[in-house]
Amino acid sequence: MNWWERLWRRKQMDEQLEKELRYHLEQHASELVSLGHSPDEAWRHARLAVGGPEQVHENCRDARGTRWLHDFAQDIRFALRMLQKNAGFAVVALLTLALGCGATTVMFTVVNGVLLRPLPFPQSDKLVAVHGHTQTWNAAIYGQQNVAYLDFLDCQRDTRTLDIAGALFNGATLSEPAEPEYVDLREISSNLFSVLRVNLPQGRAFLPEEDRSGAAPVMILGYSFWQHHFAGSPQALGTSVVLDQKRYTVVGIAPANFSLFGAEADVYTPLGQDGAHYLQNRGTHPTTVVARLRPGVTLSSAQAELAWIGNHLAQTYKDTNTGRTFLVAPLQPEVGDVRSTLWLLLGAVSLVLLIACANVASLLLARAVSRQRELSMRAALGASRGRLIRQCLTESAVLGLSGGALGVLLAYAGIAPFVAFWPGDLPRAQEVHLDWRVMFFAVFISLLSGFLFGLAPALRAPARGLEQALRAGSRTITGTARRLHSVFVISEIALALVLLAAAAVLGRTLLRVSSLDPGLNLRNVLISRMALSPAVLADTGKIRSAWQDVIERLRHVPGVQSIAVVDTVPMREGNNQIGYWPTAAVPPANQQPTALATSVTSDYWNVMGIVLRQGRFFNDQDRIGSQPVIVVDDVLAQSAFPGQDPIGKLLWMPEMDYGPFTVVGVVGHVRHWGLAADDQAQVRAQFYYPFSQLPETYLRRWSELMSVAARTNVEPLSLFQSLRQEVRGEANDQVLYNPHTMEQLAQGSLARQRFLVLLFSIFAGLALLLSCVGIYGVLAYFTNQRVPEIGVRMALGASPANVIWLVLRQSLGMIVAGVVLGTCAAFGAERLMQHLVDGMQPTGLSPYLITISLLIAAALFASFVPARRASRVDPIAVLRQD
């Protein structure tokens, strides 16, 4: 019979053992009776010969190898009875653990969903990304390089190790069947869904013959777009939709939350049907490429093959592909810049859990001291030290698991509000939910917590001095227990100080960056993206006049003071980084300094309120055919022409092939990356160039990126509908969309900092509360143990003030030790946050002085309550009691 059968057939085996043992007793007793013994004497001798039925039962159970499991079940039942018996202790401990475990589980759930969960595709470990690569490309600044569309087609045709698909980020104007609207478009190769192994819930994916020029226009609707515009009706399949004046037939619906490339797209069209000229140029690299490793293929072999294909293309197309190759890397989810923030918050909430563990450990240690006589009695009756330790750890594990279960319930209720409260859009928010990883984590931290706070009480299980322990009074407390209690309190204070100081430093940082000069006048400025008519974009000869018409129309809307057009807006997503050089001997691209380039119309300075330091702004003379001019900010002026007058100087920019450019003005620096992030940005220098001088070859692409900026004398957003109506155009297909005020953008650039300040303040407040509860509990316990001593002191003449000082002095020693340790740890935490939080700089000592004062005041207040209670002890009653 195996171990599992012995476990589950325990009751049956015990009955068989009882029958067999009774049979042997009866047989032996019968033999003794036949020899002349009386029945009672025969039974007594039979039991003595066998060795005692209970001992036999125990030995047989030990021989089965399942005794430890029975003891474990017994310890669990005993632990539950003890919690039921000490209801007050159980409630306090469980609530403390539930708060710590719940907050930690919420944060781990978010970390798991955003950072740790694999992509939601079958066999996602086989998915890879294919990037372009050159030695001169600065991936640290620009990110990984995409692939030219023609290079993508060559790789797709020649590879034997990968199934390759491509996608292109774009936008378009949808004019039927509803009001004109700008939609988020993904142009994809026909095999994208098959490479990802994603099945469409309705309809079909694109066919290979549809992924080429001249094929019938077809479209797949994004799930949310389908729900919003077609009410989720299956009748949407086969519907005719006009996109950029081209009529498409809807053939499929994408799955819900399908968002491989960032946000969920509105519509999908075949990439091969796009006839844009830049897709036929191997010098531009717009295509995002994903692939799946074929069966039996390793990442290294795929990399070797793509490198060979890249070398072959470099030799074939030397003018565009020299020095270019491809990199193959595991496909990672797009999470933006939230990674460091999530790990920081998980670390902070883990400190709260540690404080909760220290608090419960202190409570358990107090119970262990009060149960000293009980544990000594168990040891005297034969329980080994290991058996007693196991019992204590089982009790703490039951307590930890119970607190963890409550914490999971709190986490279940708190995950959705936390995600909704996250500033902006949390990447992969749809993946944030409880799953087996989260449950495993919750069980793990519950057991770990139980081990941490149960270890000290368990190690106090008596091994010697049993007689002394049995005779000791209930008020006896040893120096070891006192030191352990002090260690727990010191740890709580130190950890609480770290969180308090972090919250104070973040708050000080938020106040500092909020007061920074953004470099422009934020009030009454409306920013809105704009999509020109597709008919205008198709004819580059009409684009300049179309933009001028838009400006003139909007300038006459009541409430508008001035209008400008700009491609990249400060403090909003999007930038254009271009290398520059102050002489004609331009070095390679990876050795050039980089600046932010912004294309604007002539009234941009009035709209934004940017300060002119030297020279002039653009005027009507700066047009196509005249000398190319730029306006630089003071950062670029100092970098390119240190100690010189930049006006009239030339700058060469190889990526802008119609220069060199004459500097005609210097303006103040604009905090393009946001109020907090701009100081630490790798690229801060800025220059502006006139949209009116942009060559026709760039006009269409730039026009797809342009936004309208309006300064108003009324609340900006109140004018949006009037502006939107005014720019519809003759074909009713020009759209203003995604409106924001500059004040909203500036405040949004600090949203992450405000979020961190709020959460750290909550964590710090919770930590301070738990620390004060821990101090109060320990001092109350110490004071209760010292009641006889206090009674004697007061009988000998000690005043209530002397008793209060006696207790507070003991508390003050723990507080000072905790503050010293916590301050050292807080300095280290501040240095860490300087690398993780935008805008963090050394803040000086003032935040630490404030938080230390607050912590000491709260701790002394928590200490005063048991001290005052001790000062009211009646010495006569105490002496009589003892």
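The values are calculated or read from the model by the stated rules, or taken from the named source; none is laboratory data. None of these values were measured; they are calculated from a predicted model. Positions of Cβ are backbone-derived with ideal geometry, glycine not excepted, and every protein chain shown enters the neighbour counts. Side chains included, ligands, DNA and RNA excluded: accessible areas come from the protein's heavy atoms. Shrake-Rupley method; radii C 1.70, N 1.55, O 1.52, S 1.80 Å.
Would you call Val670 open to solvent by less than 10 Å² (accessible area, probe 1.4 Å), in contact with a strand residue (DSSP E or B) (Cβ under 8 Å, 6 or more places away or on another chain) and over 29 Å from Pro534 (Cβ atoms)? Yes, satisfied.
For segment 585-600, the count of residues that are within 44 Å of the chain's Cα centre (by Cα), among the polar types (S, T, N, Q) and surrounded by 21 or more Cβ atoms within 10 Å (Cβ to Cβ) is at least one. If only residues of segment 271-299 that are assigned to a helix (DSSP H, G or I) and in contact with a strand residue (DSSP E or B) (Cβ under 9 Å, 6 or more places away or on another chain) are counted, the one that is nearest to Thr322 (Cα to Cα) is Leu279. The single residue among Val267, Val290 that is modelled with pLDDT of 95 or more, β-branched (Val, Ile, Thr) and in contact with a Gly (Cβ under 7 Å, 6 or more places away or on another chain) turns out to be Val267. Please work out which residue is modelled with the lowest pLDDT, limiting yourself to segment 139-161 and to residues that are buried (at least 16 other Cβ atoms within 10 Å of the Cβ) and not in a helix (DSSP H, G or I). Checking each candidate, the answer is Gln145. Looking only at segment 514-544, residues that are small (Gly, Ala, Ser), over 27 Å from Gly609 (Cα atoms) and open to solvent by 20 Å² or more (accessible area, probe 1.4 Å) come to 3 in all. Figure legend. Inter-residue proximity from segment 411-437: first residues over 24 Å from Ala98 (Cα atoms), second residues open to solvent by less than 70 Å² (accessible area, probe 1.4 Å) and of a type in the set (Phe, Trp, Tyr), beta-carbon distance below 7 Å, spacing 6+ or different chains. Indicated pairs: Pro423/Phe755.
Being within 23 Å of Val360 (Cα to Cα), modelled with pLDDT under 90 and assigned to a helix (DSSP H, G or I) narrows it down to one residue among Leu470, Leu406, Leu500, Leu388; which is it? Steps first, answer last, please.
Values: Leu470 fails: within 23 Å of Val360 (Cα to Cα); Leu406 fails: modelled with pLDDT under 90; Leu500 fails: modelled with pLDDT under 90.
Selected residue: Leu388, the only one of Leu470, Leu406, Leu500, Leu388 that is within 23 Å of Val360 (Cα to Cα), modelled with pLDDT under 90 and assigned to a helix (DSSP H, G or I).
What do you reckon, is Val489 in contact (Cβ under 8 Å) with a residue 60 or more places away in the chain, over 30 Å from Ser811 (Cα atoms) and assigned to a helix (DSSP H, G or I)? Step through it out loud before you land on a result.
On the way: in contact (Cβ under 8 Å) with a residue 60 or more places away in the chain: yes; over 30 Å from Ser811 (Cα atoms): no; assigned to a helix (DSSP H, G or I): yes.
No; evaluated as a whole, the condition is false for this residue.
Return the residues of segment 690-707 that are open to solvent by 30 Å² or more (accessible area, probe 1.4 Å) and in contact with a Phe, Trp or Tyr (Cβ under 8 Å, 6 or more places away or on another chain); say none if nothing qualifies. Step through it out loud before you land on a result.
Quick first cut of segment 690-707, residues open to solvent by 30 Å² or more (accessible area, probe 1.4 Å) only: 692, 696-698, 700-702, 704-705.
Of everything in segment 690-707, those that are open to solvent by 30 Å² or more (accessible area, probe 1.4 Å) and in contact with a Phe, Trp or Tyr (Cβ under 8 Å, 6 or more places away or on another chain) turn out to be Ser692, Arg701, Trp702.
Within the group Phe193, Phe169, which residue is modelled with pLDDT of 95 or more and of a type in the set (Phe, Trp, Tyr)? The match here is Phe193. Is it the case that segment 320-330 has a residue that's crowded, with 16+ Cβ neighbours inside 10 Å, out of contact with any Lys or Arg (no Cβ under 7 Å at 6 or more places or on another chain), of a type in the set (Lys, Arg) and touching a residue at least 12 places away in the same chain (Cβ under 8 Å)? Yes, the conditions are met somewhere in segment 320-330.
Condition check: at negative phi, at pLDDT below 95 and hydroxyl-bearing (Ser, Thr, Tyr). Does Ser259 satisfy that? Considered against the rule, which asks whether it is at negative phi, at pLDDT below 95 and hydroxyl-bearing (Ser, Thr, Tyr), Ser259 comes out as yes.
Within segment 717-735, one or more residues are open to solvent by less than 10 Å² (accessible area, probe 1.4 Å), in contact with a Phe, Trp or Tyr (Cβ under 7 Å, 6 or more places away or on another chain) and on the phi < 0 side of the Ramachandran plot.
Criterion applied to Val242, Val251 was being outside any loop (DSSP other than H, G, I, E, B), closer than 19 Å to Asp184 by Cα and touching a residue at least 60 places away in the same chain (Cβ under 8 Å), and the one residue passing it is Val242. Residues that are open to solvent by 10 Å² or more (accessible area, probe 1.4 Å) and among the small types (Gly, Ala, Ser) were ranked within segment 253-271; the one that is farthest from Ala538 (Cα to Cα) is Ala256. Against the numbered list (1) in contact (Cβ under 8 Å) with a residue 60 or more places away in the chain; (2) buried (at least 16 other Cβ atoms within 10 Å of the Cβ), Ile630 comes up short only at (1).
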